[in-house]
Structure formats: C-alpha cells, structure tokens
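The values are calculated or read from the model by the stated rules, or taken from the named source; none is laboratory data. None of these values were measured; they are calculated from a predicted model. Note: ideal-geometry Cβ built from the backbone for every residue, glycine included; neighbour counts use all protein chains shown.
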Amino acid sequence: MNKILILTVILFFSLGCNMLSNLTSESTDEPTSTETETTQTETPQTSSTEAENEASTQNVSNEKDLLSIGAGAYLIKVSSEYTPDEVGRWSAFGLIDESKKIGWAGKSKNVTDQSIVFELPAKTTFKKIGFDTANVDTEGSAAKEVSVEISDTSPDSGFETILSTTLKDKTDGQNFPVEKEVAGRYVKINAKNNFGAEEWLEIMEVRGYGEQETMKPLEDVSGTYKSRYGNFRIKQEGTSIVGCYEYQSGLLNGGIDGKIMTLTWKEEGEGDSNRGPAVFLFDKEAKKFLGLWGYANGDYYSGKWDGEKISDEVGNCEHFKNLSEENAAGSQLEEELKKDGRATVYGINFDFNSDKIKDESKTTLDQIVGILKENSDWKMTVEGHTDNVGGETFNQTLSEKRANAVKKYLVDAGIDESRLTAKGLGMSKPIAKNDTEAGRARNRRVELVKQ
C-alpha cells in the first residue's frame with residue numbers, strides 16, 4: 001500500500017487543500033487496500049439456535065444505521081488505531097463512516113483484545129448489529145471473535161454485553177440479532193482476535209439498527225473553539241449555523257437537526273478542492289466538537305477538524321467582520337442570493353415523513369422573511385428536496401407539501417403570495433449519494449431561487 005498511500009497524499013496536496021495533515025507510517029508493512037467492493041448475496045435468516053455463530057445477511061438498507069457518523073455517533077476512545085487523529089483509512093472513524101472501503105486497523109502487532117467506544121446522541125436500544133469485513137487488506141486480518149456492549153452510565157463503566165459472536169472471514173453484510181436489548185448512550189465494540197494474521201486486526205464497518213429516543217435540540221453552541229487549524233468561530237441562530245475559521249479564510253454555513261450540524265465549507269480559491277460538505281458533532285457537554293469534511297466531488301470524508309471551546313464570545317474573523325452581529329446567518333444567506341441567485345438552507349426542519357415544520361426552525365424562516373421584506377422587488381421559488389427513502393412517488397409528494405408549507409409560513413408572515421412559487425423536486429436532484437445517513441441528510445434540504 002506504500003505506493004497507494006504516496007499517490008493519495010500527492011493527489012490531495014495537488015488539489016490545493018492543505019487541511020489534511022500529513023499521514024505518517026509506523027511500519028513499512030502497513031495494510032494494503034484491494035479497492036474492490038464485495039456484494040453479499042442475500043440469504044435467509046438463521047434460526048435462533050444458530051444466531052450466536054451465524055450471521056443473517058438480510059437486507060437492512062432501508063433501516064437507519066444508528067451507529068454512524070451521519071446519525072450522530074461520536075468517537076470517545078480507542079485502544080489502538082493505525083492512523084490516530086485522521087479520518088481516512090485505518091482510524092476508528094472508519095468503522096462508522098458507512099463506507100465498506102474505509103475501515104479500522106489496530107496498530108502493528110495489536111491483533112488481540114482491542115476495543116472502541118462511541119457515544120450516541122440519544123439513548124438507543126439496538127435490535128441488530130452488523131459487520132463488514134470483505135475489504136480488509138491482509139489475509140487473516142479480519143476480526144473473528146467480537147462482542148458489543150452498551151452502557152447508559154459513562155464511557156468507562158456500566159457496560160452490559162448485548163452481542164457476542166464469531167464472524168465469517170472477509171464477508172460483508174453480517175447482521176446479528178442482539179442477545180439482550182439494553183438502552184444506553186455508549187457503545188463498546190470489542191475484537192478479541194483475527195483469522196491468524198500476525199500483523200493486523202481489521203474491521204471495515206460496524207452498523208447498528210434499532211430504536212432511538214428523540215434527540216433534544218442542540219443547545220446554543222455559539223462561541224470560539226481552539227483547533228489545530230486555528231480558531232473556529234461558530235454562530236448559532238436558531239437552527240441556522242454560520243461561522244468562519246482562520247485557516248485559508250474558511251467559511252461555514254449550514255443548519256442543525258437534532259444534535260447534528262450539516263454544513264458546507266469554503267476556503268480561498270475556486271474549484272472543488274476549495275469547498276465541500278462537512279458534519280459537526282458535539283460531545284455531551286457541547287464543549288468539544290468533531291468536524292468531518294470532504295471535497296465537493298468526493299464520496300467520503302477526507303479529513304477531521306476537532307475543537308475545544310475557549311470562549312462563549314463568537315468574535316469575528318478578518319474575512320467575516322460582522323459574524324458577531326445580530327442576524328449574521330440571515331446576512332450571509334442574503335449575500336449568497338445576491339451573488340449566486342440560489343442558496344441552500346439546512347435550518348428548516350420537518351417532522352419525520354411530514355410537512356409539519358418544527359418550531360425550532362422559526363428563526364431561520366424569519367430570516368428569509370426579513371430578506372424578502374428588505375428586497376421587495378425579489379420573487380422567489382421555494383424548492384423542496386428529499387432523500388430517496390420511501391421511493392420516488394412518496395418523496396415527490398412530500399417535497400411538494402414541504403415547499404408549500406414554507407411558502408405558507410412566508411405568506412402568513414406578510415410576504416405577498418404573488419412573489420412566491422413552491423416547487424417539489426423530490427429525490428430527483430441529489431447533491432450527495434443516498435447510500436449513507438450523512439448523504440441523505442445533505443439531500444434533505446430547502447433551496448431558495450431568485451426568479
């Protein structure tokens with residue numbers, strides 16, 4: 001994999017985005033990727049007597065993976081990982097990024113008794129746990145005997161085992177019903193051993209399906225956060241997020257749904273190497289964040305930001321001097337509409353499978369009202385966009401209803417109806433792949449278009 005690693009680093013730096021820190025190697029015998037995707041054929045559910053030792057490969061694609069970055073899972077600690085502080089191949093983040101090609105490996109020679117702990121955004125009861133190992137690099141490196149524990153106490157205590165099983169070698173789609181249903185916020189993944197490799201222990205993906213309590217909205221996280229990329233200044237206005245960071249005149253824009261921020265980032269320069277999607281997750285106390293970012297034309301997260309709050313004061317960046325002022329998110333939205341004639345809005349949230357706007361979205365909607373009142377000659381199309389869950393017909397209808405719900409709010413707030421058009425586009429205009437929770441979250445959006 002040395003050649004692949006070198007080529008990957010060269011590629012990233014040639015694109016001109018210096019956010020990704022240099023990868024370092026601890027061994028010349030690092031895992032090497034086959035870069036192939038294995039499709040697991042669906043087989044019948046095993047009997048209960050076989051469940052401990054045999055996985056079901058039933059299709060779970062329409063169920064929400066609650067043990068994923070896109071669903072708000074947050075890495076707490078890991079006993080060993082080949083690339084600490086990175087998001088790419090072989091860090092613990094690879095277990096929950098929903099990519100079967102990006103996985104976790106322990107450090108060289110750490111091939112027994114490894115564990116990783118994740119925090120969930122709300123109390124969760126898992127019904128089924130899944131593992132993918134088809135794309136491990138080294139023969140015999142796939143995890144063999146594994147167990148899953150859950151705790152509602154802390155990341156260090158109170159764990160109960162909900163699954164203990166033996167995996168098949170190099171197989172995706174190994175889905176196991178849990179042996180015990182226990183609700184909790186902390187999940188520990190344990191790998192006891194592998195299939196004989198002396199150098200590496202690997203798992204490509206871990207998934208969790210079940211029931212999760214409704215997330216409480218993220219409390220105001222406005223403030224200044226210290227990170228290795230300089231200070232991040234984040235301004236929360238209702239469910240709208242706007243911010244900046246010191247590196248390469250970076251800008252952030254997006255919204256909150258539950259405890260997850262769906263954002264876009266942009267730095268100096270033009271092109272796909274200077275902008276892209278990001279997701280921010282906060283710890284339980286909302287004092288630290290984990291930010292994962294990717295390129296506009298990429299399929300997975302390429303790097304990590306992490307920050308620790310050092311002040312409740314937002315302050316300003318040299319390239320965003322009015323960030324701390326009132327209605328900064330609305331001002332940024334207005335500027336985007338003036339410049340591009342179109343803007344994506346992530347701060348408008350709806351009840352699940354419904355056109356009922358959540359109360360938390362009022363601030364964002366009122367910002368749009370203010371923009372339209374300030375620019376009385378503007379006419380606007382409100383576009384509703386969805387992910388693909390539920391199919392084309394369902395999502396087309398849902399998007400139309402949601403667009404009309406936003407239009408009605410604006411009209412009720414005093415905007416002349418003749419200035420507004422509602423348009424539902426369903427799942428027809430995705431801006432991300434619909435095969436991950438994070439991708440689907442990006443596709444669920446409202447877009448404003450000047451007529």
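Odds and ends about this structure:
- Of the residues GLU211, GLU139, the single one that is in a strand (DSSP E or B) and either at pLDDT below 95 or surrounded by fewer than 17 Cβ atoms within 10 Å (Cβ to Cβ) (or both) is GLU211.
- Criterion violated by LYS321 - all others in (1) free of Cβ contacts under 8 Å to residues at least 12 places away in the same chain; (2) within 17 Å of SER240 (Cα to Cα) satisfied: (2)
- Every residue from segment 85-124 that is touching a Leu at 6+ places or on another chain (Cβ under 6 Å) and either without any contact (Cβ under 8 Å) to a residue 60 or more places away in the chain or surrounded by fewer than 22 Cβ atoms within 10 Å (Cβ to Cβ) (or both): ALA92
- Scan of segment 246-265 for residues that are charged (D, E, K, R) and either within 21 Å of HIS319 (Cβ to Cβ) or touching an Asp or Glu at 6+ places or on another chain (Cβ under 7 Å) (or both), ordered by number: GLU246
- Single residue of segment 89-133 satisfying the filter (assigned to a strand (DSSP E or B) and among the acidic types (Asp, Glu)) that is nearest to the chain's Cα centre (by Cα): GLU119
- Scanning segment 252-272 for residues that are surrounded by fewer than 18 Cβ atoms within 10 Å (Cβ to Cβ) and either among the hydrophobic types (A, V, I, L, M, F, W, C) or outside any loop (DSSP other than H, G, I, E, B) (or both) yields LYS266, ASP272.
- Tabulated pairs, segment 399-427, first in the same structural domain as SER361 (by TED's automatic domain parsing), second assigned to a helix (DSSP H, G or I) and among the basic types (Lys, Arg), C-beta under 6 angstrom, 6+ apart or interchain: LEU420/LYS407; ALA422/LYS407
- Check on TYR229, touching a residue at least 40 places away in the same chain (Cβ under 8 Å), of a type in the set (Phe, Trp, Tyr) and either surrounded by 24 or more Cβ atoms within 10 Å (Cβ to Cβ) or not assigned by TED's automatic domain parsing to the domain that holds GLU313 (or both): no
- Near pairs, Cβ below 8 angstrom, 6+ apart or cross-chain, from segment 339-355 (assigned by TED's automatic domain parsing to the domain that holds LYS407) to any residue that is assigned to a strand (DSSP E or B) and of a type in the set (Lys, Arg): GLY341/LYS450; ARG342/LYS450; THR344/ARG445; VAL345/ARG445; TYR346/ARG445
- Members of segment 275-331 that are loosely packed, with under 15 Cβ neighbours inside 10 Å, of a type in the set (Gly, Ala, Ser) and either in a strand (DSSP E or B) or touching a helix residue (DSSP H, G or I) at 6+ places or on another chain (Cβ under 7 Å) (or both): SER311
- Within segment 178-187, the set of residues being over 12 Å from GLY208 (Cβ atoms), of a type outside the set (Ser, Thr, Tyr) and touching a residue at least 60 places away in the same chain (Cβ under 8 Å) comprises GLU179, ALA183, ARG185.
- Filtering segment 142-153 to residues that are surrounded by fewer than 17 Cβ atoms within 10 Å (Cβ to Cβ) and of a type outside the set (S, T, N, Q) leaves GLU145, ASP152.
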